[in-house]
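These notes concern the structure reproduced below.
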Amino acid sequence: MSSVNLMAREVAAKIVFYGPGLSGKTTTLRKVYETVRPAHRGEMMSIATEGDRTLFFDFLPVKVERVGDCSVRLALYTVPGQVFYNATRKLVLQGADGVVFVADSQAEAMDANRESLANLEENLLENGIRLENFPLVMQWNKRDLDNILSVEELRRELNPRGVPDFETAAANGRGVMDALKTITRLVIKDLRAKRIVPPPRTAAPAGTAPAGLEAQLSQHLHHRQPPAAPPSAAPKTGPATVAATPVPRTLTAPVPPRVEPAAVVPAVAPATGGKLLGPTSALAPGDLFDHARAAEAAFTAGDYTTCVTACTDAVRRAMAFAGEGSLAQQAFLLHVDGSDLLRLQGLATLPQLRVDDAAFALYVLMQVFVRLNAVGLPTAG
């Protein structure tokens, strides 16, 4: 279940390492963790049990190269290998964009490999996905051991479709990154085919006004600048006026005098009279869609206090999907920037708020929505 952060131009994709117990899934993910530069990796979490070294999942977000003008963030998971953990395997597999099947190359493990592959196909089918149409890479692991089957035998038994396969030794990392790079390319290709990855940005024609939240910021900030000419000589307010004013790239400059909401020019509505779907509501889960629209409407109307209040309430409701606990615990589980949440809470206590305060509140709300999408919350009831 990929998600797209339209503002950050970032695509989040989920890849699951599947296979029988003790085939090397957790060792593979640990080797990836050691290989990836610290700046590009998140925290790895694993839970060991008596019967299998992974009870639930290992989680590792990894940034990879850009696709067009979008960056890609990978969420890597493993599943428990033992049969009686099938309910957990189904849960982890939900929303996956691709699978790396880690097969044990030892001869005595062939039955377990077959059973696990059949289980993968069955669990995908329950989600309406056929394995032959799904991004898949085979990883022949433990090639550094004795008594292993030949690659030809493994292909004949486990890879009749001829998907990309790799000989690996997870203990020393041989072949592991090659398999990861290949599944990433297959996932991106699949996302493009489904038109999930947005097309590269194109330069706007000269004189064209910016759209969406950027246009609203441009309009608000433009009307807060000192007039360059007497009111009688000022051009009429409209799209051309907005386009003629450079869009500020930062909101950290000294704040000019506050303008009352009455001086704000609302965004232009479509000729059909319908409402535009803003970037915040476009990312919102169904349960929070109305809250996101209310925040955007308040921003457009210049009611910054109501916008920040609506964002704060929506963030609180969204974080609750991560389970019971303090806001800090919920932020940790969702990998949401805690300093941003603290700043948003501080804004809610201020008597007067500016356009950049409201814009920041919308940014935090979108960040929380993206993290919920990335972890598959809220689940369908």
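The values are calculated or read from the model by the stated rules, or taken from the named source; none is laboratory data. All values reported here derive from a predicted model rather than from experimental measurement. Cβ sites come from the backbone with ideal geometry, for glycine too, and all protein chains shown count toward neighbours. Accessible surface is based on the protein model in full, side chains and every heavy atom, while ligands, DNA and RNA are left aside. Shrake-Rupley method; radii C 1.70, N 1.55, O 1.52, S 1.80 Å.
Go through segment 113-134 and give me each residue that's in contact (Cβ under 8 Å) with a residue 40 or more places away in the chain and either touching a Phe, Trp or Tyr at 6+ places or on another chain (Cβ under 8 Å) or open to solvent by less than 10 Å² (accessible area, probe 1.4 Å) (or both). Result: Asn113, Ser116, Leu117, Leu120.
Checked against the criterion of being part of a helix (DSSP H, G or I), open to solvent by less than 20 Å² (accessible area, probe 1.4 Å) and out of contact with any Gly (no Cβ under 8 Å at 6 or more places or on another chain), segment 136-150 has no qualifying residue.
Of all residues in segment 50-87 being within 18 Å of Thr184 (Cβ to Cβ) and of a type in the set (S, T, N, Q), which is modelled with the highest pLDDT?
The first filter runs over segment 50-87 and keeps only residues within 18 Å of Thr184 (Cβ to Cβ), leaving 58-78.
Applying the additional criterion that residues be of a type in the set (S, T, N, Q) yields 71, 78.
On the way: Ser71: 77, Thr78: 90.
Applying the filter and picking the extreme gives Thr78.
Applying a threshold of 6 Å to beta carbon distances and a minimum spacing of six or more residues, or different chains, the list of pairs starting in segment 23-35 at a residue that is closer than 14 Å to Arg143 by Cα and ending at one that is modelled with pLDDT of 95 or more and in a helix (DSSP H, G or I) reads Thr28/Val176.
State the number of residues belonging to segment 100-112 that are surrounded by 24 or more Cβ atoms within 10 Å (Cβ to Cβ) and touching a Leu at 6+ places or on another chain (Cβ under 8 Å).
Let us first name the residues in segment 100-112 that are surrounded by 24 or more Cβ atoms within 10 Å (Cβ to Cβ), namely 100-105.
From the residues that got through so far, the ones that are touching a Leu at 6+ places or on another chain (Cβ under 8 Å) too are 100-101, 103-105.
The number of residues fulfilling the criteria is 5.
Taking the condition open to solvent by 20 Å² or more (accessible area, probe 1.4 Å), at pLDDT below 50 and of a type in the set (Gly, Ala, Ser), does Ala297 pass? It is false that Ala297 is open to solvent by 20 Å² or more (accessible area, probe 1.4 Å), at pLDDT below 50 and of a type in the set (Gly, Ala, Ser). Which of the residues spanning segment 166-179 are open to solvent by 10 Å² or more (accessible area, probe 1.4 Å) and in a helix (DSSP H, G or I)? Listed by number, the residues that qualify are Met177, Asp178.
So which residues in segment 321-348 are within 18 Å of Ala295 (Cβ to Cβ) and at pLDDT 85 or above, if there are any at all?
Initial filter on segment 321-348 (within 18 Å of Ala295 (Cβ to Cβ)): 321, 336, 340-341, 343-348.
Result: Phe321, Val336, Asp340, Leu341, Arg343, Leu344, Gln345, Gly346, Leu347.
Restricting Thr272, Thr309 to those that are open to solvent by 60 Å² or more (accessible area, probe 1.4 Å), at pLDDT 90 or above and more than 30 Å from Gly42 (Cα to Cα) reduces the list to Thr309.
Would you confirm whether or not segment 146-160 contains a residue that is modelled with pLDDT under 95, β-branched (Val, Ile, Thr) and touching a strand residue (DSSP E or B) at 6+ places or on another chain (Cβ under 7 Å)? No, the conditions are met nowhere in segment 146-160.
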